[in-house]
Amino acid sequence: MGLNDDRALPGGGRSARSGGLFGAGGPTFLTTKVDFVVNWARRNSLWPMPFGTACCAIEMMAAAASNFDIARFGMERMSFSPRQADVLICAGRVPYKLAPVLRRIWDQMPQPKWAISMGACASSGGVFDTYAMVQGIDTIIPVDVYIPGCPPRPEALIYGLMMIQEKVRQETLADHAVNRAEDPRAVARPRAGDAEVKGLTGPFGNSTRQNRIAGLVQSDRVDRPDDRLP
Amino acid sequence: MATKTVEFTVGRSPEMGSQGGIAYAPLHPVDLPEPDLGSEHMLINIGPQHPATHGVLRLVCELDGETVLKVIPHIGYLHTGFEKLGEYRSWNQVVPLTDRMDYLAPLIYNCAYVMSVEKLMGIEVTERCKVVRVIMMELDRIFGHLLWLGTTAIDVGAFTPFLYAFQQREKIYTLHEALTGARITTSATRVGGMMADLPDGWAEAVRDFANGLPATLDEINNLLTTNGIHLGRTQDIGVISGEDAINYGFTGPNLRASGVPYDVRKDRPYYDYETYDFDVPVGEIGDCYDRYLVRMEEMVQSLRILHQALDRLPGGPINVQDPRISLPSKTDCMNDMESMIHHFKLITEGIRAPVGDSWFSVEASKGELGMYVVSDGGTKPVRWRVRPPSFVNLSVIPKLAEGHLMSDLIMINASLDIVLGEIDR
Amino acid sequence: MAHESGSHHPSIPALEGRFGEAVQFHETTAGDQVSVVVDAARIREILEWLKTEPSQHYEFLSDLTAVDFGGGRPLQVVYQLWSLAHRRSLRVKAELPLDALEIDSVEPLWKTADWLEREVYDLFGIEFRGHPDLRRILMPEAYAEGHPLRKDFPLRGRFSRAEQTRRALRQDVEDFYIPLEMELGREPQLVNLSSGDSEAASADAPSED
């Protein structure tokens with residue numbers, strides 16, 4: 001297994017480019033070692049930013065309390081300030097009135113950052129397919145991990161955080177641009193193409209489809225040049 | 001037939017503060033003469049995403065230095081459209097919506113909703129169901145108060161009570177889970193009864209919990225009740241008189257802390273609450289400390305009710321047998337056509353409530369929870385209205401916080417015990 | 001319906017004796033719950049009398065809401081009253097035709113009504129005359145789709161999801177402040193405490209998070 005063997009790369013051979021020890025562009029001995037150290041440091045000290053709104057927030061509190069204790073994963077430092085946080089945990093329903101708040105908090109978080117959509121409501125709107133509710137926060141911010149459940153158990157939240165850790169472990173600095181992309185169009189788009197999604201969900205005519213097809217394409221970050229008061 | 005309200009005043013013993021070696025020095029920062037710094041008023045926005053607002057409440061405050069001159073609450077950041085959605089769901093399908101409203105005490109909401117529909121339909125639930133619902137509601141009153149206790153303690157800087165409270169809450173989570181399969185979103189009730197009868201050993205597990213809770217309450221008592229910092233942060237903060245409290249629509253522990261002994265369980269008893277032996281604690285002054293004391297005492301009283309209810313838990317069926325709502329047995333469905341059609345209609349259309357409206361209020365952990373349902377004789381409510389106790393309680397915050405310090409505003413907000421899911425609905 | 005059985009409620013004859021024609025109808029539903037429908041034009045007067053008259057003394061307004069039955073029928077404003085002294089409840093209703101959705105505010109009688117009336121205004125579009133601060137409470141102030149709890153309002157709103165998302169994200173910071181707050185905050189510097197975002201406070205002015 002040579003240094004340039006793609007299979008040895010943390011990303012499972014995502015990059016086909018070869019770089020050698022000091023080659024430009026591709027993964028090298030140096031960059032993979034740096035990746036390892038950086039990822040090790042990042043994944044063991046993730047600071048969550050709890051964006052708790054409803055029932056899921058209570059389970060998130062339960063996860064922080066003694067029975068489940070996410071301190072075991074280096075995450076006890078709940079960072080209520082977005083500027084000092086790594087993982088946004090969106091726990092609970094997000095109405096349209098709250099959507100700009102969520103977007104703004106995400107914008108305030110520094111890179112590198114990850115997002116967890118905790119619970120059915122945050123992931124898809126859940127049972128609340130009403131006039132007031134955002135049907136999945138991935139129309140507003142890019143989401144890395146979706147935790148199913150209504151609400152998910154604390155174990156599920158911990159598992160979701162561990163999946164973030166696993167995701168961090170596999171990242172490489174070479175793919176910085178892709179990993180750090182913030183446009184929900186690029187990141188949160190379903191892996192399946194539009195046609196496939198349509199084929200899968202079309203017959204049921206559910207709101208998920210409405211969103212995936214219509215919402216994502218148009219929910220670009222809007223320009224807000226007048227964001228400040230005089 | 002209303003029983004005489006038994007009430008007693010929660011104690012503020014004179015030696016408080018001398019225990020634990022911390023001398024209690026009353027803080028009156030508002031009264032201190034402030035040097036005129038020629039400062040201008042400041043507008044500060046708290047929330048909607050702020051750990052001290054207990055959800056997505058947003059408060060805009062006008063400050064003079066650190067003194068709050070004006071608070072303008074903004075709500076609706078969690079408006080989900082429950083009441084609209086309820087109009088598109090059949091009578092039983094509304095139940096899962098109710099527990100997502102107050103996720104701190106879901107079973108009370110489950111019960112209150114079906115009680116209102118049962119009232120409208122004229123259904124009298126079985127004796128066993130009554131007692132089971134009393135157990136559930138008292139269990140969740142403790143559930144809600146424990147969360148309030150933990151989070152409020154954090155707001156005044158004490159983290160340990162949060163951990164103690166959550167240890168006990170985990171036990172209730174387990175009980176919920178055994179009863180319904182879910183930790184928070186229980187959806188335990190159905191019109192005319194329960195989703196299922198109690199699982200084996202559940203009553204004993206509740207009794208175990210009820211026996212274990214007083215030790216934790218004592219621990220938290222020792223940590224907070226005479227703690228100088230806690231006293232300084234809560235006493236004489238956010239005072240409201242009984243008369244004002246009524247005018248502003250305060251209910252629940254908040255109203256009783258102001259000395260008004262109004263408790264729906266005593267004044268409009270449902271489910272034979274008049275036969276349970278329990279007291280209604282009331283406060284004297286109506287400040288944050290009284291609200292704390294009243295809630296602490298209420299947990300003790302709930303435990304008393306729990307023990308009595310467990311003692312009298314009768315056998316027999318848990319669901320009523322009423323052809324309007326109960327499904328025929330599977331054997332009948334397979335054997336005769338009428339039962340089959342009946343089953344089919346109940347499942348596909350849902351139950352039907354008679355024309356009319358019904359208002360039913362219960363004593364939830366936050367205050368008087370009213371459920372108002374209007375039916376046009378169909379399988380869906382024309383209107384399902386929730387009288388949200390913490391919505392009304394929260395509307396008082398501009399009055400309570402006026403003239404206090406910024407940090408007291410946080411305590412006042414915490415002491416009201418709000419839950420945004422139910423305020424915004 | 002049970003037009004007679006409501007008469008055992010002591011408030012009904014008293015109301016009829018005092019206000020005569022203004023008391024239009026009364027009925028008993030759900031077994032023992034008495035509702036009385038009164039003339040909307042005199043609602044304030046009637047409720048004030050019910051609150052202050054010693055023999056009635058309904059000093060507690062439990063709830064204030066509205067009901068839309070759809071099909072062009074009038075909207076009902078529903079007041080749930082409770083007398084702490086007499087331990088009695090009474091439901092008072094007033095009907096408003098769809099083309100005249102206006103009724104007197106009872107906020108001067110009960111402070112509770114402040115937010116409850118704002119909620120009814122927000123969700124049903126009923127104007128309360130004399131309310132000190134009548135504006136939307138649950139929906140955003142700039143909500144353009146109408147009044148959600150009206151029967152002609154579709155469950156998922158009038159706009160597409162994409163349009164709703166776009167409108168939500170397009171909001172300006174100023175949209176989050178009411179005119180009064182803008183007035184208060186105009187002169188001095190605005191500081192944002194949210195999420196401890198002190199660094200952004202000076203540069204960013206007020207952020208909505």
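Using the Karplus equation 6.51 cos²θ - 1.76 cosθ + 1.60 (θ = phi - 60°), what ³J(HN,Hα) coupling, rounded to whole Hz, does each residue of segment B:62-78 give in order, writing x for Gly and Pro?
9, 10, 10, x, 10, 8, 7, 8, 8, 10, 10, x, 10, 10, x, 6, 10
Search the structure for amide H atoms under 5 Å from the amide H of C:S62, placed 1.01 Å from N in the peptide plane, and list their residues when 5 or more places away or on another chain.
C:Q80, C:L81, C:W82
Using only alpha-carbon positions, what ratio does the radius of gyration of segment C:5-166 give when scaled by 2.2 N^0.38 Å?
1.13
Name the residues of segment C:9-47 whose amide N is less than 11 Å from a point 7 angstrom out from the Cα of C:S55 along the C-beta direction?
C:10-18
Measuring from label point to label point, each 7 Å out along Cα→Cβ, what is the C:D99 to C:I178 span in nm?
3.3
Using r as the Cβ-Cβ distance of B:D197 and B:M337, and R0 as 22 Å, what FRET efficiency do you calculate, to the nearest 0.05?
So the FRET efficiency works out to roughly 0.15.
Scattering from the C-alpha atoms of chain B alone, worked out with Debye: what is log10 I(q)/I(0) at q = 0.08, 0.12, 0.14 1/Å?
The calculated log intensity ratios at q = 0.08, 0.12, 0.14 Å⁻¹ are -0.46, -0.98, -1.29.
Quote to one decimal, in nm, the extra length available between B:L327 and B:T174 on full extension: 0.36 nm per residue of separation minus the C-alpha distance between them.
52.1 nm
Going Cα to Cα from B:K399, which lysines come in below 18 Å? Please leave out same-chain ones fewer than 8 positions away.
B:K70, C:K111
From other protein chains only, count the Cβ atoms within 10 Å of every residue's Cβ in B:166-176, then give the mean.
Mean shielding count: 3.
Could you tell me the calculated FRET efficiency between A:D107 and A:V37, based on Cβ-Cβ distance and R0 = 22 angstrom, to the nearest 0.05?
It comes out at approximately 0.15.
Sort out for me the Cα centre separation of segment B:87-102 from segment B:350-425, rounded to whole Å.
15
Do the alpha carbons of any pairs in B:K366/C:K93; A:K113/B:K366; B:K130/B:K171; B:K130/B:K330; B:K84/B:K366 sit beyond 32 Å of each other, and which pairs?
Checking Cα-Cα distances, A:K113/B:K366 exceed 32 Å.
Near the amide H of C:F69, under 5 Å away, which other amide H atoms are found, from residues 5 or more places off or on another chain, if H is placed in the peptide plane?
C:Q76
Output the peptides B:51-60, C:19-28, C:53-62 sorted from most to least packed, where packing is the average of other Cβ atoms within 10 Å over each peptide's residues.
Descending packing order for the listed peptides: B:51-60, C:53-62, C:19-28.
So how compact is segment A:43-177: Cα radius of gyration and Dmax in angstrom?
Taking only Cα atoms of segment A:43-177, I get Rg and Dmax of 14.0, 42 Å.
Ranked from highest to lowest mean number of other Cβ atoms within 10 Å per residue, what is the order of the peptides B:223-235, A:108-120, B:250-262?
B:250-262, A:108-120, B:223-235
Sorted by packing (mean other beta-carbon atoms within 10 Å per residue), highest first, where do B:347-353, B:184-190 land?
The peptides rank, most packed first, as B:184-190, B:347-353.
To the nearest 0.05, how large is the calculated FRET efficiency for B:Y88 and A:F29 if R₀ is 51 Å and r is the Cβ-Cβ distance?
Approximately 0.25, to the nearest 0.05.
Taking θ as phi - 60°, what are the ³J(HN,Hα) couplings along segment B:353-358 by the Karplus curve (6.51, -1.76, 1.60), each to the nearest whole Hz, with x for Gly and Pro?
Result, rounded to whole Hz: 9, x, 5, x, 9, 8.
Residue by residue through segment B:116-126, what is 3J(HN,Hα) from phi via Karplus (6.51 cos²θ - 1.76 cosθ + 1.60, θ = phi - 60°)? Round to whole Hz and write x for glycine and proline.
Taking θ as phi minus 60°, the curve returns 5, 5, 5, 4, 5, 7, x, 9, 9, 6, 6 Hz for segment B:116-126.
Stretched out fully, how many nm does the piece from B:D244 to B:L313 gain, at 0.36 nm a residue minus the Cα gap?
Additional length available on full extension: 20.8 nm.
Summing -39500 (n - 2.57) over the DSSP H runs of n ≥ 4 in chain B and dividing by its residue number, what mean residue ellipticity at 222 nm do you reach, to the nearest 500 deg cm²/dmol?
Helix-only estimate at 222 nm: -13500 deg cm²/dmol.
Within 10 Å of each Cβ in peptide B:47-57, how many partner chain Cβ atoms are there on average? Round it to a whole number, please.
Other-chain Cβ atoms within 10 Å of each residue's Cβ, averaged: 6.
Search the structure for amide H atoms under 5 Å from the amide H of A:M133, placed 1.01 Å from N in the peptide plane, and list their residues when 5 or more places away or on another chain.
Those lying under 5 Å, H to H, from A:M133 are A:Y96.
Per residue of A:113-122, count partner chain C-beta atoms within 10 Å of its C-beta, then hand back the mean as an integer.
0
To the nearest Å, what is the center-to-center distance of segment B:209-283 and segment A:85-108, using C-alpha atoms only?
Measuring centre to centre over Cα atoms gives 35 Å.
No value in this document is a laboratory result; all are computed from the given coordinates. Not measured: the values here are computed from a predicted model. Quick reminder, even Gly has a Cβ in these numbers, built from the backbone with ideal geometry, and neighbours come from all protein chains shown.
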